[in-house]
2 protein chains.
Amino acid sequence: MKAETDCAACPLRKFALFEALDENDEEATRRFKDGERRVDPGTILMHEGMVSEDFYTVLSGMGLRYKTTPDGKRQVINFVLPGDFIGLQSGLMSEMKHSVETTTRMHLCRFKRSSLLPFMRNNPGRAFDVTWLSAVEENLVAEALVSIGQQPAATRLAWALHRLYTRISAVGADLGPGRIPLPYTQQDMADALGLSLVHTNRILRLLQTDGMISWRDKVLTVHDERALANRAGMTADMQETIPRRPLI
Amino acid sequence: MKAETDCAACPLRKFALFEALDENDEEATRRFKDGERRVDPGTILMHEGMVSEDFYTVLSGMGLRYKTTPDGKRQVINFVLPGDFIGLQSGLMSEMKHSVETTTRMHLCRFKRSSLLPFMRNNPGRAFDVTWLSAVEENLVAEALVSIGQQPAATRLAWALHRLYTRISAVGADLGPGRIPLPYTQQDMADALGLSLVHTNRILRLLQTDGMISWRDKVLTVHDERALANRAGMTADMQETIPRRPLI
DNA sequence: CGCCTTGTTGAGCGGATTCAACACTAGTGG
DNA sequence: CCACTAGTGTTGAATCCGCTCAACAAGGCG
């Protein structure tokens with residue numbers, strides 16, 4: 001029933017964000033692919049401490065990557081967007097060190113854990129790309145660390161929204177000028193920023209009354225990107241386009 | 001004058017922390033190696049925004065990996081210890097996204113940026129290991145994010161000290177029961193934990209008067225590891241030994 | 001219709017910050 | 001040789017940002 005997507009016609013490949021792929025690598029990736037999977041919102045794709053037999057590339061949909069503490073708190077590590085490679089840890093280390101949960105319906109490209117090593121062994125270029133992705137991801141987490149560690153609440157929130165705006169825009173899910181889907185709750189944002197829900201709400205309200213943004217019904221509208229970037233403590237040279245990265 | 005270290009006699013290899021290496025991989029790594037380098041404390045090995053022609057594995061010595069914000073603040077991303085692979089970003093992405101600075105004299109194993117791709121291409125097993133290291137590093141940063149985002153100051157500090165204690169112990173630099181070198185300043189710790197210097201000092205003092213630790217003259221003594229782990233909000237199952245990881 | 005999730009707002013508290021001053025050490029140059 | 005400076009560690013006082021507690025509105029769903 002559900003048609004499998006051919007890699008050659010991969011809906012993500014068309015975005016300028018992703019590096020081009022030569023025929024050999026594309027063919028190898030096609031063989032690496034084990035199938036597809038479609039899941040509902042709220043599905044836990046990976047669970048902290050568990051071993052996952054599969055890992056995925058997100059074709060469409062969004063989610064969250066998070067860790068939990070013994071006392072029940074949750075820290076969102078990053079937002080999961082189309083093109084993201086998730087579950088790499090279970091292929092490398094013994095178990096997942098974080099959980100991954102969807103917040104929308106999600107369409108995934110599935111790979112087998114056991115075939116990662118052969119895949120990387122037989123396709124050095126792709127192995128290089130996997131490492132690259134891993135390094136990109138590490139940098140994203142490090143940037144979040146800087147934001148949370150050094151900035152006050154308003155700056156953090158503006159920064160997070162601005163980054164989501166550019167990241168989501170880059171994978172084409174724009175709904176018109178300055179409008180992007182943002183299928184998260186204020187609690188999700190709070191857990192990502194290390195803030196309480198109440199305070200997140202207040203700051204959010206503040207940014208809205210300032211006219212920079214509005215966020216209703218899971219749609220974020222950025223009315224003044226420059227102002228938002230300023231509020232986020234970004235200098236002009238930081239507002240470049242996101243560098244290209246590989247897609248597995 | 002300065003004798004080069006043979007990979008076969010690599011001073012790090014003996015630690016249980018690191019995975020064993022077969023002869024082929026060891027030989028390949030030896031050819032990958034471009035030389036060694038010794039630097040003084042306070043040397044900036046990599047600079048945020050710059051392209052580094054080399055990258056390194058730390059043979060001995062310690063340092064810091066950090067990012068700076070436009071308003072002059074600094075966030076320490078991680079502490080650099082022996083066995084760490086530093087500068088991978090410059091080999092993968094266009095430029096370094098963080099700086100690396102030494103806090104002691106450091107002895108480094110040097111690799112050329114241009115030979116990373118061939119190295120990974122010709123040695124799939126080692127390519128896999130590089131990715132593994134990158135994933136381990138990402139997880140360390142993510143754990144710091146959880147700590148900073150969700151825990152109060154005392155818990156953060158206890159957690160950071162406990163982790164440094166186990167990490168540093170694992171690379172053999174112990175100075176007796178519960179004693180390890182900790183060549184950082186309180187300002188370094190503050191920047192790592194997202195706390196002010198003053199508050200870091202107070203909490204530190206608190207942990208010392210509680211008798212858990214003492215930290216003087218760049219030497220940390222952990223008097224009661226269990227108590228420290230408790231203070232860090234760790235449950236019993238989290239206090240396992242650090243999993244093995246590869247060494248490049 | 002009642003329940004649950006999500007968003008919103010007020011009030012008061014407290015943890016962490018900033019500002020400030022001072023002790024100690026090592027290094028430097030007159 | 002010693003005054004001088006810079007870096008590091010220590011402590012007090014006052015302020016404030018963000019938290020907790022609390023209550024309520026609105027929508028979705030069984």
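The values are calculated or read from the model by the stated rules, or taken from the named source; none is laboratory data. None of the values given here were measured: they were computed from a predicted structure. Don't worry about glycine lacking a Cβ; one is built from the backbone with ideal geometry, like all the others, and counts go over all protein chains shown. Side chains are part of the model used for accessible areas, which takes the heavy atoms of the whole protein and leaves out ligands, DNA and RNA. Shrake-Rupley method; radii C 1.70, N 1.55, O 1.52, S 1.80 Å.
Of all residues being modelled with pLDDT of 95 or more and farther than 13 Å from A:Glu143 by Cβ in segment B:71-81, which is most open to solvent (accessible area, probe 1.4 Å)? Just the residue, please.
Kept after step one, since they are modelled with pLDDT of 95 or more, are these residues of segment B:71-81: B:73-81.
Next cut, farther than 13 Å from A:Glu143 by Cβ only: B:73-74, B:76, B:78-81.
On the way: B:Lys73: 82, B:Arg74: 49, B:Val76: 3, B:Asn78: 5, B:Phe79: 16, B:Val80: 3, B:Leu81: 3 Å².
Within segment B:71-81, the match that is most open to solvent (accessible area, probe 1.4 Å) is B:Lys73.
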## Note on the structure
Filtering strands (runs of 3 or more DSSP E) wholly in segment B:50-153 for at least 1 residues that are more than 7 Å from chain A (Cβ to nearest Cβ) and of a type in the set (Phe, Trp, Tyr) gives B:54-60, B:63-68, B:74-80, B:106-112
### Task
Quickly run through segment B:84-102 and pick out the residues that are open to solvent by 40 Å² or more (accessible area, probe 1.4 Å) and more than 19 Å from B:Ala135 (Cβ to Cβ).
B:Ser94, B:Glu95, B:Glu101
### Query
How many residues, within segment A:152-193, are closer than 26 Å to B:Ile148 by Cβ, open to solvent by 10 Å² or more (accessible area, probe 1.4 Å) and touching a strand residue (DSSP E or B) at 6+ places or on another chain (Cβ under 7 Å)?
4
### Selection count where residues are among the charged types (D, E, K, R), over 19 Å from B:Gly61 (Cβ atoms) and at pLDDT 95 or above, scope segment B:178-223
3
### Message
Looking at segment B:189-219 only, could you name the residues that are closer than 20 Å to B:Glu101 by Cβ and without any contact (Cβ under 8 Å) to a residue 12 or more places away in the chain?
### Response
B:Ala190, B:Leu197
### Query
Can you pull out the residues in segment B:165-220 that are within 13 Å of DNA strand C (Cβ to nearest atom), within 14 Å of another protein chain (Cβ to nearest Cβ) and assigned to a helix (DSSP H, G or I)?
B:Gln187, B:Met189, B:Ala190, B:Asp191, B:Ala192, B:Leu193, B:Leu197, B:His199, B:Thr200
### Query
Of all residues in segment B:21-49 being modelled with pLDDT of 90 or more and assigned to a loop (DSSP other than H, G, I, E, B), which is surrounded by the most Cβ atoms within 10 Å (Cβ to Cβ)?
B:Thr43
### Query
Within segment A:74-110, which residues are within 16 Å of A:Glu48 (Cβ to Cβ) and touching a residue at least 60 places away in the same chain (Cβ under 8 Å)?
A:Arg74, A:Gln75, A:Val76, A:Ile77, A:Asn78, A:Thr102
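For segment A:216-232, enumerate the residues that are surrounded by fewer than 19 Cβ atoms within 10 Å (Cβ to Cβ) and more than 12 Å from DNA strand D (Cβ to nearest atom). Let's see the steps before the verdict.
Within segment A:216-232, the first condition is being surrounded by fewer than 19 Cβ atoms within 10 Å (Cβ to Cβ), and the residues that meet it are A:216-219, A:221, A:223-227, A:230.
Scanning segment A:216-232 gives A:Val219, A:Thr221, A:His223, A:Asp224, A:Glu225, A:Arg226, A:Ala227, A:Asn230.
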### Query
Do we have B:Ser169 as without any contact (Cβ under 8 Å) to a residue 60 or more places away in the chain and within 18 Å of B:Leu64 (Cβ to Cβ) here?
no
### Query
Under 7 Å by Cβ, and 6 or more places apart or on different chains, what pairs join a residue from segment B:176-188 that is in the same structural domain as B:His223 (by TED's automatic domain parsing) and over 16 Å from B:Leu81 (Cα atoms) with one that is of a type outside the set (A, V, I, L, M, F, W, C) and more than 15 Å from DNA strand D (Cβ to nearest atom)?
B:Gly178/B:His223
